[in-house]
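What follows is a set of notes on a single structure, which appears directly below.
The values are calculated or read from the model by the stated rules, or taken from the named source; none is laboratory data. In this text the structure is predicted, and so the values were computed from the model without any measurement. Glycine gets a Cβ as well: all are built from the backbone with ideal geometry, and neighbour counts include every protein chain shown. Ligands, DNA and RNA are stripped out before the accessible areas are found, and what is left, the full protein with its side chains, is counted by its heavy atoms. Shrake-Rupley method; radii C 1.70, N 1.55, O 1.52, S 1.80 Å.
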Amino acid sequence: MAELERAGLAFCGAPDGIGLYGMPAGDWYAAGVRIAGRTCVEAALNGPSRRVAETVRRSLAPVTTLDRIGVVDLFAGSGNLMLHVRDVLGTSCVGMDADPVVFELTRGNFGVLDLPASMRLGSWASYFLDPLPDVDATLFVLAPPWGPAFSFDRGLDLRRTNPPVGELVEHITRSDRSGRRFAVIQLPVHEPVVAASVRELTKRYRQLDRAVGCLVLDLT
């Protein structure tokens, strides 16, 4: 807990700032939730996740039936963003993670909190070998590792994430068999995004919305 408090002060300005699963850090830690250090740094926290989820709900309401859409996070980590999106849509969700340590911790956290979500261990591409059944549409949550894609001078370049976001959405459009496909791409909240990397996506796929922290695309 002392480590979480130091991280909360460093990243959020408050000891309980690492909020996950709708709770401040102290509450989820007391409930038995545990995360890896890299997850603490990379996780989408409650406030930004709620804003992204509301943008998704607003964007998709005019174009699809929300109770028949599945949510898939191809780089789930803590699963917090996926769960907030699932909550506003009221549907099924599954998260993928290729890191065995992160996978085991997140799966255990879902069990401790009795959360309505599942995790799978595997690469993002392995999801398409066993997709969600009984959905008319799928919303893909895309937050691939930034790696060299981010610099403080230029911001985030979606063409340089690992893998590049453009390659992800191309693979989704080739491989997913849902009736309709959508993507919400997580963007930095306090840093810029390279405009050309967004234009390359919106030239090919219809932009449904862009708000603080995310871009929503129609991939159908």
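Is it the case, given these coordinates, that residue 121 is within 26 Å of residue 34 (Cα to Cα), free of Cβ contacts under 8 Å to residues at least 60 places away in the same chain and open to solvent by 40 Å² or more (accessible area, probe 1.4 Å)?
Yes.
From the residues in region 46-60 that are touching a Leu at 6+ places or on another chain (Cβ under 7 Å) and surrounded by fewer than 22 Cβ atoms within 10 Å (Cβ to Cβ), which one is farthest from residue 26 (Cα to Cα)?
57
Considering only residues that are of a type outside the set (A, V, I, L, M, F, W, C) and open to solvent by less than 10 Å² (accessible area, probe 1.4 Å), which ones fall in region 166-217?
Within region 166-217, 176, 197, 213 meet the criteria.
Looking for whichever is out of contact with any Phe, Trp or Tyr (no Cβ under 8 Å at 6 or more places or on another chain), modelled with pLDDT of 95 or more and under 15 Å from residue 110 (Cα atoms) here; the options are 53, 76. Which one fits? Talk me through it step by step, then tell me what you get.
Values: 53 fails: under 15 Å from residue 110 (Cα atoms).
Result: 76 is the single residue among 53, 76 that is out of contact with any Phe, Trp or Tyr (no Cβ under 8 Å at 6 or more places or on another chain), modelled with pLDDT of 95 or more and under 15 Å from residue 110 (Cα atoms).
From the set of residues in region 50-109 that are hydroxyl-bearing (Ser, Thr, Tyr) and part of a helix (DSSP H, G or I), which is farthest from residue 143 (Cα to Cα)?
Applying the first criterion (hydroxyl-bearing (Ser, Thr, Tyr)) to region 50-109 yields 55, 59, 64-65, 78, 91-92, 106.
From what's left, part of a helix (DSSP H, G or I): 55, 59, 106.
Details: 55: 16, 59: 18, 106: 16 Å.
Among those residues, the one meeting the criterion is 59.
Every residue in region 21-45 that is of a type in the set (Ser, Thr, Tyr) and open to solvent by 50 Å² or more (accessible area, probe 1.4 Å), please. Give the derivation first.
Just the residues of region 21-45 that are of a type in the set (Ser, Thr, Tyr), to begin with: 21, 29, 39.
Residue satisfying the conditions is 29 alone.
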